[in-house]
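Structure first, commentary second.
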Amino acid sequence: MSDEVSQLADEGVARVAAAADLDALHELELELLGKRSRLTAVKATMRDLDPEQRKTVGAALNAARTRLEEAVTGRRTELESAARRVQLEAERLDLTEHLGRATVGHAHPITQTWERLEDVFVGMGYRVADGPEVETDWFNFEALNLPPSHPARSLWDTLYLDPAGLDGVAAEQLLLRTHTSPVQARTMLAAVRDGWGPPIYVVCPGRVYRRDTADATHLPVFHQVEGLVVDRGITMGDLSGTIETFTKAYFGADLTSRMRPSYFPFTEPSAEFDISGPDGEWLELGGCGMVHPNVLRSCGLDPEEWTGFAFGFGIDRLAKVRHHVEDLRDFITNDQRFLEQF
Ligand code: PHE
């Protein structure tokens, strides 16, 4: 009889191990260990056995019960953790699932340069000013000491707006500003009118237009930043110190700047300024000078009382130098392979 019992246990353990799910296991537990199980039935026959046999069969029964109980507990643990895994998998939220597919964007290199420039000048105590891209002839030229027939107007290849196309709305000649210098005039007039200056310390970054064909070093639409300072006793030394400070703040302490005499109608004296490149060569960056007395006068300021300096340079060109970009057109073709590098 002991053999039968241990065979029962063997079969039971095998069936428990094969139980497909928790419900099936529960059924099986009742069948193998419950009141109506074979084990219980065998136990009931024990009273008819002699003491010696009863001992052996009793031991076999206990052993069988223990084995079956352990098998059931073991299988239950297995099935429960499998069920938990299935549930976790079903409820899983993959928070990284979009990271691989969509790349996160960032500001365009020109925008980054523009913002960096603003930061540097704001750090030096300047305010940021702006003006319209569609300008009047007066702000773009006349107020800047360039009367209508001034020969130096040809320095700027200007895109004029067709007054016929504007249905006579424009009383004045309109154009796309060729530089950010008109913001100088707008700022001085606003300062006088609203009474907040001079002193005036502003930078004016913005988009400008010239009738030019795009090539590696020119774009018909590009960006400049204008600087204007009007205060008492401002000298050329302040201008040169400001350009040097900016150069070091933007490019690093080992770069330097220089000024070369030049001509602009709105500054006197005028200069062009360069920065020393990574390999020691000089790179032309922009124009500058002391604000011409006629410009101060046009904007309602007395040149006997106020002096100032102004400078202007290309943001695109600055980014080109800083990032060793070969061709300015790369900035506007929107090639991901180019833009992703910044
Ligand atoms: N506006 C000039 C240009 O576009 C640059 C400049 C600005 C020169 C301010 C002198 C002073 O070429």
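If you average the C-alpha positions of region 36-112 and of region 213-235 separately, how far apart do those two centres end up, in angstrom?
75 Å
In debye, nearest 20, what is the charge dipole magnitude of region 109-339 about its Cα centre with +1 on Lys and Arg Cβ and -1 on Asp and Glu Cβ, if you could check? Could the numbers behind the result be given before it?
Numbers: 19 positive and 34 negative charges, 34 e Å.
So the dipole magnitude of region 109-339 works out to roughly 160 debye.
Just to check I understand the Karplus step: with θ = phi - 60° and J = 6.51 cos²θ - 1.76 cosθ + 1.60, what whole-Hz values come out for region 187-192, glycine and proline as x?
5, 4, 4, 5, 5, 5
Could you state the number of Å between the C-alpha centres of region 267-324 and region 1-23?
Region 1-23 and region 267-324 have Cα centres spaced 95 Å from each other.
Cβ neighbours within 10 Å, averaged per peptide: list 7-13, 200-206, 172-178 in order, most packed at the top. Walk me through the numbers on the way to the answer.
Working: 7-13: 17.1, 200-206: 21.7, 172-178: 19.0.
Listed from highest to lowest mean packing, they are 200-206, 172-178, 7-13.
Check which residues have an amide H placed less than 5 Å from residue 217's amide H, if you skip close sequence neighbours.
328
Between residue 256 and residues 5 or more places away or on another chain, which pairs have amide H atoms under 5 Å apart, with H built 1.01 Å from N, and which residues are they?
The list, which skips near neighbours in sequence, is 276.
Could you check how much of the accessible area of the chain is carbon and sulfur, as a whole percent, using a 1.4 Å probe?
Values: 9890 of 18980 Å².
Its accessible area is 52 percent carbon and sulfur atoms.
Is the shape of region 170-239 rounded, prolate or oblate, going by the alpha carbon gyration tensor and its root eigenvalues a ≥ b ≥ c, with a/c under 1.5 for rounded and a/b larger than b/c for prolate? Don't skip to the answer; put the middle values down first.
Values: a/c = 3.38, a/b = 1.56, b/c = 2.17.
Oblate.
So, in nm, how far is label residue 63 from label residue 276 when the simple model puts each one 7 Å beyond its Cα toward the Cβ?
Output for this residue pair reads 9.6 nm.
Across region 256-267, in residue order, what do the Karplus-derived ³J(HN,Hα) couplings come to in whole Hz, using 6.51 cos²θ - 1.76 cosθ + 1.60 with θ = phi - 60° and x for Gly and Pro?
Karplus-based 3J(HN,Hα) across region 256-267 equals 9, 10, 8, 10, 10, x, 8, 9, 9, x, 8, 10 Hz.
Output ³J(HN,Hα) for region 152-157: one whole-Hz value per residue in order, computed from phi by the Karplus curve 6.51 cos²θ - 1.76 cosθ + 1.60 with θ = phi - 60°, and x for Gly and Pro.
5, 4, 5, 5, 10, 6
Mind checking the per residue accessible area of region 2-92 for me, 1.4 Å probe, whole number of Å²?
Values: 6330 Å² over 91 residues.
Solvent-accessible surface per residue comes out at 70 Å².
Pick out, in residue order, every one of the trypsin sites (Lys or Arg not before Pro) in region 14-97 that is DSSP loop and has at most 11 other C-beta atoms within 10 Å; say none if there are none. Could you put the intermediate results ahead of the total?
Values: sites: 15, 35, 36, 38, 43, 47, 54, 55, 65, 67, 75, 76, 84, 85, 92; in loops: 35, 36, 92.
Counting only loop positions with at most 11 other Cβ atoms within 10 Å, the trypsin sites (Lys or Arg not before Pro) in region 14-97 are 35, 36, 92.
Within the set of other residues whose C-beta is less than 12 Å from the C-beta of residue 5, count the net charge using Lys and Arg as +1 and Asp and Glu as -1. Let's see the in-between values first.
Values: positive: 38, 43, 65, 67; negative: 3, 4, 10, 11.
That sum, taken over residues with Cβ under 12 Å, equals 0.
Using a 7 Å offset from Cα along Cα-Cβ at residue 284, what residues in region 308-342 end up with backbone N under 20 Å from the label point?
Only 310-329 fall inside the zone, counting backbone N under 20 Å.
Sorting 340, 133, 69 by accessible area (1.4 Å probe), largest first, what list results?
Numbers: 340 115, 133 60, 69 85 Å².
Putting 340, 133, 69 in descending order of accessible area: 340, 69, 133.
Once you have the Cα-Cα distance between residue 1 and residue 134, take 0.36 nm times their residue separation minus that, and quote the gain in nm to one decimal. Don't skip to the answer; put the middle values down first.
Numbers: separation 133, 0.36 × 133 = 47.88 nm, distance 10.80 nm.
Going from the current span to full extension adds 37.1 nm.
Over region 109-339, average the accessible area per residue using a 1.4 Å probe and give it in Å², no decimals. The partial results should precede the final answer.
Numbers: 10690 Å² over 231 residues.
In whole numbers, region 109-339 has 46 Å² accessible per residue.
The values are calculated or read from the model by the stated rules, or taken from the named source; none is laboratory data. As the structure is a prediction and not an experimental result, all values here were calculated from the model. Cβ coordinates were reconstructed from backbone atoms using ideal geometry, including for glycine residues, and neighbour counts include every protein chain displayed. Just so you know, the surface numbers come from the protein's heavy atoms only, side chains and all, with ligands and any DNA or RNA stripped out. Shrake-Rupley method; radii C 1.70, N 1.55, O 1.52, S 1.80 Å.
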